[in-house]
Amino acid sequence: MKVLVIGGGAREHALCRSLSLDPAVTELHCAPGNAGIAQVATVHPVDQLDGAAVTALAAELAADLVVVGPEAPLVAGVADPLRAASVPVFGPSAEAAQLEGSKAFAKDVMAAAGVPTARSYVCTTAEEAAAALDAFGAPYVVKDDGLAAGKGVVVTSDRAAALEHAASCERVVIEEYLDGPEVSLFAITDGTTVLPLVPAQDFKRALDGDEGPNTGGMGAYSPLPWAPEGLVDEVLATVLQPTVDELRRRGTPFSGLLYAGLALTSRGTRVIEFNARFGDPETQVVLARLRTPLAGVLLAAADGTLGELEPLRWDEGAAVTVVVASEGYPAAPRTGDPIEGLDEVADEHTYVLHAGTRSGDGGEVLSAGGRVLSVTATGADIAEARERAYRGIARISLKGSHHRTDIALKAAQQ
């Protein structure tokens with residue numbers, strides 16, 4: 001099988017790594033890729049938002065499967081011309097991807113499907129926003145209706161800050177605050193069958209103790225020893241399957257990766273948000289535990305045969321990933337600095353997934369984004385995987401970089 005992955009972050013590196021280990025994959029390509037992905041796949045320059053360019057590249061490579069990684073190409077409709085050209089593609093259509101592209105659309109789908117979520121208001125004026133904030137009270141939850149790369153949500157007890165964020169967005173969703181721990185649950189679907197993966201938890205805030213600004217994610221771990229028994233089955237029955245069924249009923253079937261961000265509240269499980277693709281950094285730990293070869297699963301979702309697959313196989317141990325971010329992230333990331341020590345990290349349990357990197361003129365690896373690397377490790381339990389991940393972090397040198405020191409700490413102590 002020839003596989004083309006679209007994207008260039010740590011999520012795509014994790015996908016490429018898993019696909020490169022799949023004996024069914026004879027050729028692996030990635031566009032545009034990054035310095036780390038180039039070690040396991042042939043990289044190609046492409047505008048990942050240009051559906052015609054991506055389709056032309058897939059045709060040139062005679063790709064048997066195209067996997068679209070990031071949300072922006074999916075919302076831009078890159079999967080549509082691929083499907084029109086009869087290229088099997090893992091990723092929803094532009095219409096179905098509105099589940100992530102518009103918070104208001106997602107709320108409408110959830111209401112129709114009876115999916116439990118926070119009560120909310122869609123606001124387009126300062127007056128509407130102020131009234132919604134007052135209706136729910138603090139802490140205030142204000143979400144940009146559109147894509148914002150994981151940084152469009154403000155949760156604050158400062159009413160002025162909440163109003164300021166609302167004013168900076170064209171349209172916002174203001175909703176009640178959901179208490180309780182958060183869980184990320186991915187599911188692969190062909191539009192009918194829904195195949196949940198193992199749960200993970202990520203860390204959104206930039207600093208230890210969940211302090212600092214929201215980010216795209218600073219680390220993750222799996223499994224979740226504190227999660228209630230039967231959680232996956234419950235979410236499949238009350239959230240994932242009803243959502244997929246509702247989208248199919250509307251004539252916009254969702255095929256690809258459906259990601260449910262959940263809050264385990266005192267009143268039951270509630271959906272915080274949906275995403276239309278693998279999450280970063282949760283993908284890093286979920287795929288680290290997957291033992292079933294990945295390509296066949298993604299192809300079954302693309303061609304509508306997911307229901308014929310054997311149950312997925314998982315490693316019984318744990319995985320932890322810690323993100324190394326550049327100086328100034330998330331506000332003003334510094335780029336262009338050399339990264340040293342990468343060759344000293346890799347062993348049978350620990351590896352580095354590149355996010356914001358590029359190759360320098362002399363072949364050196366340079367920082368090229370806010371989140372630069374994800375150091376991922378596996379172990380018999382969370383404590384062992386965590387210790388290995390941080391041992392790997394200690395071997396990497398990037399001027400001014402920062403990372404959280406408390407990823408999976410509480411879970412490791414349970």
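The values are calculated or read from the model by the stated rules, or taken from the named source; none is laboratory data. Just so you know, these numbers come straight off a predicted model, no measurement behind them. Methodologically, a virtual Cβ is constructed for each residue, glycine included, from the backbone with ideal geometry; neighbour enumeration extends over all protein chains shown. Only protein heavy atoms, including side chains, enter the accessible area calculation; ligands, DNA and RNA are left aside. Shrake-Rupley method; radii C 1.70, N 1.55, O 1.52, S 1.80 Å.
Take region 58-73 and flag every residue that is in contact (Cβ under 8 Å) with a residue 12 or more places away in the chain and out of contact with any Asp or Glu (no Cβ under 8 Å at 6 or more places or on another chain).
ALA58, ALA59, ALA62, ALA63, ASP64, LEU65, VAL66, VAL67, VAL68, ALA72, PRO73, listed by residue number.
Could you list, in sequence order, the residues of region 166-189 that are open to solvent by less than 30 Å² (accessible area, probe 1.4 Å) and not in a strand (DSSP E or B)?
Residues satisfying the conditions are ALA166, CYS169, GLU176, LEU178.
Go through region 266-282 and report how many residues are buried (at least 24 other Cβ atoms within 10 Å of the Cβ) and under 13 Å from TYR177 (Cα atoms).
The total comes to 0.
Based on this model, can you work out whether VAL154 counts as within 19 Å of ALA263 (Cβ to Cβ), assigned to a strand (DSSP E or B), open to solvent by less than 20 Å² (accessible area, probe 1.4 Å) and not polar (S, T, N, Q)?
No; evaluated as a whole, the condition is false for this residue.
For region 349-384, which residues satisfy the criterion of being among the hydrophobic types (A, V, I, L, M, F, W, C) and either part of a strand (DSSP E or B) or surrounded by 24 or more Cβ atoms within 10 Å (Cβ to Cβ) (or both)?
VAL352, LEU353, ALA355, VAL365, LEU366, VAL372, LEU373, VAL375, ALA377, ILE382, listed by residue number.
Out of region 304-341, which residues are surrounded by 21 or more Cβ atoms within 10 Å (Cβ to Cβ) and either on the phi > 0 side of the Ramachandran plot or not β-branched (Val, Ile, Thr) (or both)?
LEU306, ALA318, ALA319, ALA325, SER326, TYR329
Just wondering, is there one or more residues in region 122-145 that are basic (Lys, Arg) and more than 27 Å from the chain's Cα centre (by Cα)?
Looking for residues that are basic (Lys, Arg) and more than 27 Å from the chain's Cα centre (by Cα), one finds none in region 122-145, hence no.
Does LEU147 count as part of a loop (DSSP other than H, G, I, E, B), at pLDDT 95 or above and on the phi < 0 side of the Ramachandran plot?
When the stated conditions are applied, LEU147 does not pass them.
Output the residues belonging to region 107-122 that are modelled with pLDDT of 90 or more, open to solvent by less than 50 Å² (accessible area, probe 1.4 Å) and hydrophobic (A, V, I, L, M, F, W, C).
VAL109, MET110, ALA113, VAL115
Among (1) buried (at least 21 other Cβ atoms within 10 Å of the Cβ); (2) farther than 15 Å from THR193 by Cα; (3) of a type in the set (S, T, N, Q), where does THR243 come up short?
For THR243, the failing item is (2).
Taking the stated definitions as given, is ALA346 closer than 25 Å to GLU211 by Cβ, without any contact (Cβ under 8 Å) to a residue 12 or more places away in the chain and assigned to a loop (DSSP other than H, G, I, E, B)?
no
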